[in-house]
Every structure is written in structure tokens, then in C-alpha cells.
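Note sheet for the following structure.
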Amino acid sequence: MRLILLLIFVLIQLPPLAAAEAVIYSYVDQHGTLHFTNVPADTRYKEMTDYKTTISKVSMRGRYGYFINTAAERYNLDPELIRAIIKVESSFNQYAVSGKGAMGLMQLMPGTAKDMKVAAPFVARENIMGGSRYLRKMLNLFNGDLGLSLAAYNAGPNRVLKTRSIPKIPETQQYVKKVMREYGRNRANALASQ
């Protein structure tokens, strides 16, 4: 009889335990990969209080969404513009190297990477932060004129400053058109998904 009473007591106590919500922890590594656990063995894991917000920050429109959104917020840029530049520059290949030596997602030249304090240009977070910082610098230099700023991002600011127009360099003229077209598509897709 005592065994039956003990078993009933245990069974009565189990539903609240089973209904208890599990705590989930997450972190984003340097490659933009989101890691989850219920037993955090690493100090990088943080408790997820709102898992939908955390996941949307990481996955928002692509593999590097978290880094893009962080850079956009820090440098007051539209994340869709950063995304457009990455698409045109490297097609989202973080290990891309151009024939001229530009590196990573946002194709930073070695001198630009150094100026923007990017020590590891093939690390997605660093490259996106450095490229976004440089883009903000160009936008400030050209008073927010996106066409001139994109031309300066591609050909260097001195070439644009000479004429205060997009240089008559076919590659640069095509670059500005491609980024603007991609940016327009990205904005339309972002609005449609809201």
C-alpha cells in the first residue's frame, strides 16, 4: 500500500516537471554559424530569452545575416545595401580573392583592410565590419551620394574626388549599376517578406 501511495505521489509531481520549459542557449561563431545547446559548456553561449528574435537576427536573409545586421546598425547603413555589395563583390564567397588582390566577402584591398583595422580579411565578421566601415566613410566623404560612394568603394576616392562624378572607367560604371540593381531587388524582397 505504501508503495502504491508513493508511486501516486511521484506521478502527481511529474506533470509540473514535464511541463517545465527547457532553457536553450546559443551563440554565433566567426563563420556565422548558429550553435544551440541546453547544456552550455562554453562561455560564448548565452541564454535565449526570445528564440524567434535570436534566430531571425542570424538567419535574416542569408548565411551572414547576423554580421550584416550588426554592421548595418553600427555604421547606420541599410543591411540590404551591404548585402548587395557582398553579392556583387564576392557572390557571398568569404574566401574570394580578386586578380587585383581584393579579399573576402566585401573585397577589401590590403591597404583598405589595414586602414579599416581588419586583421583577418577572410573572417566573415571582420570583413563585413571593415567593408561597412569603409562604405560609411565613403558615404560621409560624398555627402550621402550613393552613386559616388559606390564608385569610390570600387575605384578609390581620389578618382571620384577629381571629377566629382562616377569615373569613366567601364568596370566602375558597371559596378555601380550592378550594386544599385541588386540593392533595389534586395529592398523589394525585404519589403515583400515583412
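The values are calculated or read from the model by the stated rules, or taken from the named source; none is laboratory data. Here the structure is a predicted model, which means the values were calculated and not measured. For neighbour counting, all protein chains shown are included, and Cβ atoms are generated from backbone atoms with ideal geometry for every residue, glycine included.
Quick notes on this structure:
- Restricting attention to segment 135-150, the residues that are among the charged types (D, E, K, R) and free of Cβ contacts under 8 Å to residues at least 40 places away in the same chain total 2.
Each row is one residue, and each column tells you yes or no for (1) closer than 19 Å to Met129 by Cα; (2) of a type in the set (Asp, Glu); (3) modelled with pLDDT under 70.
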{"site": "Leu14", "(1), (2), (3)": "no, no, yes"}
{"site": "Leu17", "(1), (2), (3)": "no, no, yes"}
{"site": "Gln30", "(1), (2), (3)": "yes, no, yes"}
{"site": "Phe36", "(1), (2), (3)": "no, no, no"}
{"site": "Met60", "(1), (2), (3)": "yes, no, yes"}
{"site": "Tyr64", "(1), (2), (3)": "yes, no, no"}
{"site": "Leu105", "(1), (2), (3)": "yes, no, no"}
{"site": "Leu108", "(1), (2), (3)": "yes, no, no"}
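- Within segment 106-114, none of the residues are under 25 Å from Gly147 (Cβ atoms), under 14 Å from the mean Cα position of the chain (by Cα) and of a type in the set (Val, Ile, Thr).
- Enumeration of residues in segment 87-125 that are touching a residue at least 40 places away in the same chain (Cβ under 8 Å) and out of contact with any Leu (no Cβ under 8 Å at 6 or more places or on another chain): Lys87, Val88, Leu105, Val123, Arg125
- Hits in segment 124-145 (condition: surrounded by fewer than 18 Cβ atoms within 10 Å (Cβ to Cβ) and assigned to a loop (DSSP other than H, G, I, E, B)): Asn143, Gly144, Asp145
- Selection count where residues are in contact (Cβ under 8 Å) with a residue 60 or more places away in the chain and either surrounded by 20 or more Cβ atoms within 10 Å (Cβ to Cβ) or more than 21 Å from Asn76 (Cα to Cα) (or both), scope segment 151-184: 5
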